[in-house]
Each structure stands twice: as structure tokens, then as C-alpha cells.
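Some notes on the structure that comes next.
The values are calculated or read from the model by the stated rules, or taken from the named source; none is laboratory data. All figures in this text were calculated on a predicted structure; none of them were measured in a lab. A quick note on method: Cβ atoms are made from the backbone with ideal geometry, for glycine too, and the neighbour counts reach across all protein chains shown.
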Amino acid sequence: MNSKPKYSLVIPIYNEEETLAELYWRISTVMEQMDGSVELILINDGSRDRSLELLRELHEKDPRICYLSLARNFGHQIAVTAGLNFSRGQVVVIMDGDLQDPPELIVDMVEQWRLGYQVVYAQRTQRRQEGWFKRLPAYMYYRILRHLADVDIPIDTGDFCLMDRCVVDVLNAMPERNRYIRGLRAWIGFKQTAVKFERDPRFAGDVKYTFRKSFTLGMNGLVSFSKVPLRLSIYLGLFAAFVSVSMAFLVLYWRLFSPGSALTGLTIVIMAIFFLGAVQLVSIGILGQYVGRIYEEVKGRPLYTLAEVAGFDRNRS
Ligand code: UDP
Ligand code: MG
């Protein structure tokens, strides 16, 4: 590639050896339909299977394929960030590597971009063949987040999207490490629109987002975009204060007017201790979520370490 490509496709890869061939095949069909040059950026996020070898082979076969290999598993959001940092296209598309995001939709997204939208995100209307234990929490989470977040994060959208260079540049300039890309994307603004699609089942292999990873991502979204949980501690505290004052009066009443009552004894003391203990621990826990993130940010470590880079050299300064 001698000049800058028009389109960059950024795809994180974590143990996807079974899908890579099919992914390449589907994407190359789409690339044929595009009206400009395309660079395909695959990011190996510390895969433990043959993914990296397959990426090397693909790069040998097709010069449009560039790849980055992170030195260990840094997680989906960081892998995508690395890809965005290296992307050069005027238009950048982020998608998953498991073919749950149909590459064919890119053509529709580009059409919207031509109409003047700088961000075109894919919004799922249906998640085929994903169990209720994934769908229900996801359904609830997006709705809660929408209520609590300072910015308007569209519901049922993932990271599958198209972004104009001006948006990618802002995203790349954001130093924060607890990255919730779909939130940051909404925060940046510009003209945004949705393209609806039905989410296909994974082409092959297991889900790489373990419950823990999904939970961390969810927490990142909430904590990065809302201060409401902090206020929750105040409400909890006020509620506890209200309960303690009422109890004080009640206990005094029992003490004076019904001396035989069992409630004046140890029971009530123990209950009060547990109740107040719980309120305090919950509040400290919420605070901890925010403080922990401040700590992470302050350390200022790089977001990722690169072990291998191929395909970009000719044009990078
Ligand atoms: N992924 C990654 N690093 C991780 C976990 C996932 O790069 O630590 C990639 C994975 O290869 C896939 C995408 O992120 O391309 C989405 O992962 P997955 O399909 O497991 O998540 P889900 O579809 O359930 O959101
Ligand atoms: Mg998936």
C-alpha cells in the first residue's frame, strides 16, 4: 500500500483459530465491494492457540492484512484501542472476530457515513441463540446504564461501529485506561446514527468473554460514566440514620412502658451492629471502585505492550 488506505477494519483476536479462515473469507468478499483501499488490522490479544501463526500466514498471503500482537492478554477493549492507535484509514470500523457482527453490514454503515454521519453504530434487534443468562443481564444492564450515565449511551449497542477519522483521533487522544469504548464513543459526540442488525451466533469456538470479564466491563461502564453510585452511599447513610433514630425512640418506649419486652435485650443490639456494618461496607465498597480506578489512572502505565507488529512500516512515521 503506497498511500493511506481509505478504510481500516479493526478486529481483536483472542483464541480464534477456528474462525480466522472464515472471517478472512467473508471480509475479503466485503472488501471487494468497497470503493477504496482497505487495511485489515487484526490484533492478537495474547492468544494461546494458533491464532498468531495464522495471522502471520494471512499477512504473507495478503498485504492488506496488518497485525499487531500484544505481549499478553490485555482484554478486548485494550486490544481494540491498540488497533485504533495504528489505524490510518479515513473511516475506521471496529468489529468482533467471531463473526457475530456480520461484515456485510459495513456496506450499509458506509452509506450512512456518506450521508454525513461521523459515527454509525450497529444496534442489535435480536441476539440469536444466546442463552437467557446472557441476554437478561445484558438487557437489564443497558437500561440501567442509560438511566445512570451522564452521556446518552444507546441501548443494545456493542463496539461494532464505523467512525470517521475525526472521532478516532479524539478517541486516541483519550488517555484513560478503564476504557469503555461504546461509552467514550457516545461522549465524543458528532452526528451519530444507528444501523439495526440481528446478532448471529458465534461462528465457532467458545465465548471469550468470561463472566468475570463481562462483569468488569459492566462496572467500567457504570463507574466511568456515572457518579450516581457514589450518591447511593449518601442515600444509604441517610436511610440508616432514619432507621436508627426511629429505633432509639422505640427502644426507649419499650424500656419505659413495657419492661418485660425481649427486644430491649441483645437481639436488637446485634441487629443494629450488623445493619450499620453492612451499610458502611457497601459504601466503602462503592467508594473503593472509584478510588481503585483513580489509582490505576495515576500510575500512568502504558495501555499495552507490543510484541510484534507487521504490515504498517511502509507508511508509519
Ligand atoms: N476478545 C479479545 N480479548 C479478550 C476477550 C475477547 O480480544 O480477552 C475478542 C474476541 O476474540 C472476539 C471479541 O473480543 O473477537 C468478542 O469476544 P466474545 O465473542 O467472546 O464476546 P461476546 O460476543 O460474548 O461479547
Ligand atoms: Mg462474540
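When the residues of the stretch 113-156 are filtered to those that are in contact with a strand residue (DSSP E or B) (Cβ under 9 Å, 6 or more places away or on another chain) and among the small types (Gly, Ala, Ser), which remaining residue is farthest from ligand 1 (Cβ to nearest atom)?
Ranking the candidates gives 122 first.
Could you identify the single residue in 106, 78 that is more than 17 Å from the chain's Cα centre (by Cα), surrounded by 16 or more Cβ atoms within 10 Å (Cβ to Cβ), within 19 Å of residue 182 (Cα to Cα) and hydrophobic (A, V, I, L, M, F, W, C)?
Just a single option satisfies the conditions, and that option is 106.
If residue 213 satisfies every condition in (1) out of contact with any helix residue (DSSP H, G or I) (no Cβ under 6 Å at 6 or more places or on another chain); (2) away from ligand 2 (no atom under 15 Å from the Cβ); (3) basic (Lys, Arg) but one, which is the exception?
Of everything listed in (1) out of contact with any helix residue (DSSP H, G or I) (no Cβ under 6 Å at 6 or more places or on another chain); (2) away from ligand 2 (no atom under 15 Å from the Cβ); (3) basic (Lys, Arg), residue 213 misses just condition (2).
In the stretch 29-54, what count of residues is obtained for those that are closer than 28 Å to residue 72 by Cα and either assigned to a helix (DSSP H, G or I) or out of contact with any Leu (no Cβ under 6 Å at 6 or more places or on another chain) (or both)?
11
Scan the stretch 215-237 for residues that are more than 19 Å from residue 122 (Cβ to Cβ) and either of a type in the set (A, V, I, L, M) or within 11 Å of ligand 1 (Cβ to nearest atom) (or both) and report the count.
9
Please enumerate the residues belonging to the stretch 195-209 that are buried (at least 18 other Cβ atoms within 10 Å of the Cβ) and more than 16 Å from ligand 1 (Cβ to nearest atom).
195, the sole residue that qualifies.
For the stretch 274-293, name all the residues that are β-branched (Val, Ile, Thr) and closer than 22 Å to residue 82 by Cα.
The initial filter retains those residues of the stretch 274-293 that are β-branched (Val, Ile, Thr), namely 279, 282, 284, 286, 291.
Selection gives nothing.
For residue 231, which of the numbered conditions (1) under 28 Å from residue 276 (Cα atoms); (2) surrounded by 14 or more Cβ atoms within 10 Å (Cβ to Cβ); (3) more than 13 Å from the chain's Cα centre (by Cα) fails to hold?
(2)
Can you pull out the residues in the stretch 98-110 that are at pLDDT 90 or above, part of a loop (DSSP other than H, G, I, E, B) and in contact with a Leu (Cβ under 7 Å, 6 or more places away or on another chain)?
none
With the structure loaded, tell me whether residue 46 is within 10 Å of ligand 1 (Cβ to nearest atom) and touching a Pro at 6+ places or on another chain (Cβ under 8 Å) or whether it fails that test.
On the way: within 10 Å of ligand 1 (Cβ to nearest atom): yes; touching a Pro at 6+ places or on another chain (Cβ under 8 Å): no.
In short, no.
If the requirement is being in contact (Cβ under 8 Å) with a residue 12 or more places away in the chain, assigned to a strand (DSSP E or B) and within 21 Å of residue 199 (Cα to Cα), which of these qualifies: 10, 80?
10
Select from the stretch 1-19 the residues that are touching a strand residue (DSSP E or B) at 6+ places or on another chain (Cβ under 7 Å) and under 20 Å from residue 71 (Cα atoms) and list them in ascending order.
10, 11, 12, 13 - these are the residues of the stretch 1-19 that are touching a strand residue (DSSP E or B) at 6+ places or on another chain (Cβ under 7 Å) and under 20 Å from residue 71 (Cα atoms).
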